[in-house]
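Take a look at the structure set out below.
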Ligand SMILES: Cc1ncc(COP(=O)(O)O)c(C=O)c1O
């Protein structure tokens, strides 16, 4: 690179990524091919519009790329192009969610989403997000006893509040979600069911976690977490008489975005192809086995694991344990000093504040990409224990 300042910083960050144990649940390491597509000349092209209907010339090749990304997305999740449409243009997960609400939920109407402190995402209607400013969140959480979803309680809330749309799929929830029950709850109040599978998309692609597609009206996802692609997002919508997808396409462009980032869309296509392999399916099984190994060993060592374990790539640890341990902030700082990168996280019914909560969130996706197995995760748990108790 001519720009030595930036080159130096890129090299430093590369070195940092290689030298740490990365347990950030929402991160992963993409392939060289994904990086090549991201760094390609495709970034030079303006392509406002959709394949076959652009507002700029010179887009024949771009159309092929976007269509390829769409076809690969549908194929990866076993979807027919007659029944499902996918928009591959959202710049990231948050705008994808905002686009769905913009398209389908009248301003001010109710969106039923999990509260942030129980594991929901900001864009599920939290008040500091535009989603909470434009729409009204009907909050739900997990049950105090099990720290898992209580579908009966959700049904009661839905029947009472009658939201226009229900969001299922979370940022900090380690367990399986019963999509069929979520569908029944949505039907009981006439709501749309939107599944935000951002965290678990890779696991679903690898058939290691139940698919929401038989039950959802809309499915949004980021591409950069367990799916191991570039920072980006997809919106899948069912094709039927409601015309969901035309409204969503319009909400993305011209509603919220201009020219799509075609280098990013090509990189998405690359990642989707990589995920549609036996090796990737095996990877997702290993991701879950590793997270379970991590949770089990931490539990053996005396730490409280939220919900008692995990069915995914994610482990939530209560490090505060009613004041007998240390806060999540102190825990994450201590771990970072020793080269283990995690994020602090609230635990359900947290008595502490989000900027110094009671827990940490761990994930196994990134380190599994680097080839680690269950035994390595036992060692990581032991290292974490030693650091937190020092
Ligand atoms: C469930 C969920 N949805 C949406 C997002 C937002 O994605 P982005 O950070 O790409 O805007 C996240 C990010 O962590 C997430 O966990």
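Restricting the first member to segment 181-203 and to residues that are over 14 Å from residue 25 (Cβ atoms) and not assigned by TED's automatic domain parsing to the domain that holds residue 121, and the second to residues that are in a helix (DSSP H, G or I) and more than 15 Å from the ligand (Cβ to nearest atom), no beta-carbon pair is closer than 6 Å while six or more apart or on different chains. Of all the criteria given as (1) assigned to a loop (DSSP other than H, G, I, E, B); (2) within 15 Å of the ligand (Cβ to nearest atom); (3) more than 16 Å from the chain's Cα centre (by Cα), the one not satisfied by residue 120 is (3). Of the listed requirements (1) modelled with pLDDT of 95 or more; (2) in a helix (DSSP H, G or I); (3) closer than 20 Å to residue 361 by Cβ, residue 128 misses just one: (2).
Among the residues of segment 145-163, write down those that are in a loop (DSSP other than H, G, I, E, B) and either within 16 Å of the ligand (Cβ to nearest atom) or over 24 Å from the mean Cα position of the chain (by Cα) (or both). Within segment 145-163, 145, 149, 162 meet the criteria. Residue check: is residue 276 closer than 18 Å to residue 367 by Cβ and under 19 Å from the mean Cα position of the chain (by Cα)? When the stated conditions are applied, residue 276 does not pass them.
Among the residues making up segment 222-251, those that are within 12 Å of the ligand (Cβ to nearest atom) and outside any loop (DSSP other than H, G, I, E, B) are 222, 233, 234, 235.
Before we move on, is residue 254 in a loop (DSSP other than H, G, I, E, B) and on the phi < 0 side of the Ramachandran plot? Against the criterion (in a loop (DSSP other than H, G, I, E, B) and on the phi < 0 side of the Ramachandran plot), residue 254 does not qualify. Screening the candidates 360, 340, 306, 384 for the property of being surrounded by fewer than 23 Cβ atoms within 10 Å (Cβ to Cβ) and touching a residue at least 12 places away in the same chain (Cβ under 8 Å) yields one hit, 340. Scanning segment 80-117 for residues that are assigned to a helix (DSSP H, G or I), within 30 Å of residue 147 (Cα to Cα) and in contact with a helix residue (DSSP H, G or I) (Cβ under 7 Å, 6 or more places away or on another chain) yields 94, 95, 97, 98, 100, 101, 116. For segment 206-221, residues that are outside any strand (DSSP E or B) and within 16 Å of the ligand (Cβ to nearest atom) total 3.
Among the residues of segment 79-102, none qualifies, meaning not one is away from the ligand (no atom under 16 Å from the Cβ), more than 27 Å from residue 206 (Cβ to Cβ), assigned by TED's automatic domain parsing to the domain that holds residue 190 and crowded, with 21+ Cβ neighbours inside 10 Å. Residues that are more than 13 Å from the ligand (Cβ to nearest atom), at pLDDT 95 or above and in a helix (DSSP H, G or I): does segment 164-175 have at least one? Looking through segment 164-175, none of the residues is more than 13 Å from the ligand (Cβ to nearest atom), at pLDDT 95 or above and in a helix (DSSP H, G or I).
Against the test of being surrounded by 17 or more Cβ atoms within 10 Å (Cβ to Cβ) and over 26 Å from residue 224 (Cβ atoms), the options 367, 297 yield a single qualifying residue, 297.
The values are calculated or read from the model by the stated rules, or taken from the named source; none is laboratory data. Keep in mind that what you see is a predicted model, and the values were worked out from it rather than measured. Note: ideal-geometry Cβ built from the backbone for every residue, glycine included; neighbour counts use all protein chains shown.
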